[in-house]
Amino acid sequence: MEKSLLIIVSAPSGTGKTTICKKLLQTTPNLIFSVSMTTRQPRDNEINGRDYYFISHEEFKERIKKGDFIEWAQVYDDYYGTPKKALEDSVLAGMDMLLDVDGQGAMNIKKEFKDRAVLIFIAPPFLEDLKTRLSNRMTDTSEEIEKRFLLAKEELRNISKYDYCVVNDDVGVTVGKLKSIITAEKNKVKRIGKGLLKKLEVEDA
Ligand code: ADP
Ligand code: 5GP
């Protein structure tokens, strides 16, 4: 393969995107997670450097000025950004990258990376599942849940801008579907490397 892929996953808060990404990473070779930077407070189960790099508003603004982010966005009252360095390093190493970003981030990455960015939207089976899942997660206050639910409705309006939409009814099935999408994308004719064509002695393909 000539170039590594950027697998972009977006979903309204509470859909199960974090759960799915973790399982996908455990079972997919050559795929690494892009750890974003954020100004939001860590949740109880989150680890700095694994789930996010948790930084101050001041540091975030400094990094915007220095051009450290491929993209960044304000979500709710906090900032989230994709660091440039890790992505460049993994692309050089020939690894595919999994990015968990919101709709704004997804569209900005697509604009810059075009065909190399595969946009996947994860949807809940029903809108009400978001509230149930967020309260079952027990990481957010009822005020936070309400705020996330309102933005979820906005995010759902973006579905048609994505390449794929997968409904997260059962985690195992959803992960399987994501793996199928990645496999299909990697085998697209347009991604055939020049090395293979040379080995097959195909000219002017
Ligand atoms: P997100 O990252 O999209 O906000 P999480 O991965 O944190 O969502 O999941 C929110 C909650 O929903 C968690 O408690 C998780 O265990 C649960 N969950 C994830 N997927 C499913 C599913 N398919 N069915 C039921 N609950 C789910
Ligand atoms: P959470 O606070 O639930 O972890 O994430 C809130 C939202 O921010 C989610 O929609 C998540 O996809 C998005 N997000 C996380 N990291 C980034 C990032 O680096 N860039 C952008 N644009 N959004 C991000």
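Based on this model, can you work out whether residue 156 counts as surrounded by 12 or more Cβ atoms within 10 Å (Cβ to Cβ) and hydrophobic (A, V, I, L, M, F, W, C)? Don't jump to the end; show me each part of the working.
Working: surrounded by 12 or more Cβ atoms within 10 Å (Cβ to Cβ): yes; hydrophobic (A, V, I, L, M, F, W, C): yes.
So residue 156 fits the description; yes.
From the residues in region 31-62 that are more than 10 Å from ligand 2 (Cβ to nearest atom) and in contact (Cβ under 8 Å) with a residue 60 or more places away in the chain, which one is farthest from residue 95 (Cα to Cα)? Checking each candidate, the answer is 44. Look at (1) free of Cβ contacts under 8 Å to residues at least 12 places away in the same chain; (2) buried (at least 20 other Cβ atoms within 10 Å of the Cβ) and you find that residue 21 fails only one, number (1). Based on what the data block shows, is residue 127 within 24 Å of residue 175 (Cα to Cα) and either buried (at least 18 other Cβ atoms within 10 Å of the Cβ) or of a type in the set (Gly, Ala, Ser) (or both)? Judged against the criteria, residue 127 is not a match. On the stretch given as region 17-32, residues that are within 13 Å of ligand 1 (Cβ to nearest atom) and touching an Asp or Glu at 6+ places or on another chain (Cβ under 9 Å) total 3. Counting only helices (runs of 4 or more DSSP H) that fall entirely inside region 99-205 and contain at least 2 residues that are within 18 Å of the chain's Cα centre (by Cα), the qualifying elements are 103-113, 142-156, 171-186.
With respect to residue 119, is the statement that it is in contact with a strand residue (DSSP E or B) (Cβ under 9 Å, 6 or more places away or on another chain) and either surrounded by fewer than 16 Cβ atoms within 10 Å (Cβ to Cβ) or closer than 17 Å to residue 15 by Cα (or both) true?
Details: in contact with a strand residue (DSSP E or B) (Cβ under 9 Å, 6 or more places away or on another chain): yes; either surrounded by fewer than 16 Cβ atoms within 10 Å (Cβ to Cβ) or closer than 17 Å to residue 15 by Cα (or both): yes.
The answer is yes for residue 119.
As a summary of the residue check, residue 56 satisfies the conditions (1) over 19 Å from residue 4 (Cβ atoms); (2) at pLDDT below 95; (3) of a type in the set (Ser, Thr, Tyr); (4) more than 16 Å from ligand 1 (Cβ to nearest atom) except for the one numbered (2). Inside region 13-27, residues that are hydroxyl-bearing (Ser, Thr, Tyr), in a loop (DSSP other than H, G, I, E, B) and in contact with a strand residue (DSSP E or B) (Cβ under 8 Å, 6 or more places away or on another chain) make up a count of 1.
Taking (1) at pLDDT below 95; (2) part of a helix (DSSP H, G or I) in turn, residue 63 satisfies each apart from (1).
Within region 6-30, can you find the residues that are hydrophobic (A, V, I, L, M, F, W, C) and either at pLDDT below 95 or near ligand 2 (Cβ under 9 Å from one of its atoms) (or both)?
9, 11
Is it true that residue 68 is of a type in the set (Asp, Glu) and within 16 Å of ligand 1 (Cβ to nearest atom)? It is false that residue 68 is of a type in the set (Asp, Glu) and within 16 Å of ligand 1 (Cβ to nearest atom). Going through (1) more than 16 Å from ligand 1 (Cβ to nearest atom); (2) modelled with pLDDT of 95 or more one by one, residue 125 falls short only on (1).
The values are calculated or read from the model by the stated rules, or taken from the named source; none is laboratory data. What you see is a predicted model, and the numbers here were worked out from it, not measured in a lab. No Cβ is skipped: glycine too gets one built from the backbone with ideal geometry, and neighbour counts run over all protein chains shown.
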